[in-house]
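Every read-out reported here was derived from the displayed coordinates using simple, explicitly stated rules and does not represent laboratory data. Quick caveat, the model's predicted, so the values are computed rather than measured. We place every Cβ from the backbone using ideal geometry, glycine too, and count neighbours over all the protein chains shown.
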Amino acid sequence: MKNGLKDGTDNLHIIGDIIEQVKVGMLTTIGENGVLSSRPMWVQEVDSHGQVWFFTSKASFLVDQVRGNPKVQLTFADSSKNKFLTANAVATEVNDKEKMKELWDPTLRAWFKEGLETPDIVLLKVSLEEAEFWDSPNSAVVRIVGLVKGIMSDQVYEPGQHERVSFPH
C-alpha cells in the first residue's frame, strides 16, 4: 500500500471496464497560473498497464498544456449504471504510426479528415498513477434494499465497490 492506497493492478479490470463502458471522459489539464481546463475525450484503448490512449492534434491547446505540465486528471461517469471513476495521471505525446494504425477507428475522420495522414495527428498516452472508483449495483431494488438496511440498522450503507488505488510504474 502506498499512502493507504491499494495496488491498482488488482482492480485494473474494473477500472478498464468503467472506462470502456463510458467511453468518453473528461480530461483536465493544468494551464498557466494553475488554471484548470477540461474537455471531453473519446477513449481509443485502455491497455494492461493502466494507460489510456486518445487521438488528438499536435497543434491543440490540450497538447500545449500537456507540454507545459504533464499532470492530468481523467473523470468518467455513467449515472445510469452507477459507475464513476476519477484518476490522476501523466500524459505523454506519442508519435508512433504503428500504434496509431492499431488504434485507428474510421469515425475519427470526423476530426482527422486525412485519416492517419493528417499532418498534426498524434496519440496522447495517459498513464494512470492513482484512481478512485465507485461501482454500484445497477438494480434500483438492490440499491433501495441496501439504503433501507442502512436506515433501519446500525450498518453503514455501502452501495457497491469503492476503492482508492495506485499504479506502480
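Quick one: which of 72-84, 24-36 comes out on top by average Cβ neighbours within 10 Å, and what's the full order, highest first?
Ranking, from highest mean packing down: 72-84, 24-36.
Please say if the stretch 8-129 is rounded, prolate or oblate, where rounded means a/c under 1.5 for a ≥ b ≥ c the square roots of the C-alpha gyration tensor eigenvalues, and otherwise the choice is prolate for a/b larger than b/c and oblate otherwise?
It is oblate, given that a/c is not under 1.5 and a/b is not larger than b/c.
Which whole-Hz ³J(HN,Hα) couplings does the stretch 100-113 yield from phi under the Karplus relation 6.51 cos²θ - 1.76 cosθ + 1.60, θ = phi - 60°, glycine and proline marked x?
Running phi through 6.51 cos²θ - 1.76 cosθ + 1.60 with θ = phi - 60° gives 4, 4, 4, 8, 4, 9, x, 5, 5, 4, 4, 9, 10, 4 Hz.
Non-local amide H neighbours of GLU45 (under 5 Å, H modeled in plane, Pro and chain starts lacking H): which ones?
Amide H to amide H, under 5 Å and 5 or more residues apart or across chains, GLU45 pairs with TRP53.
Please give the net charge around GLU93, taking every other residue with its beta carbon less than 15 angstrom from that of GLU93, where Lys and Arg add +1 and Asp and Glu add -1.
Neighbourhood net charge equals +3.
Past the 27 Å Cα-Cα mark, which pairs from LYS83/LYS125; LYS58/LYS83; LYS71/LYS113; LYS81/LYS113?
The pairs that break the limit, which is 27 Å between Cα atoms, are LYS58/LYS83; LYS71/LYS113; LYS81/LYS113.
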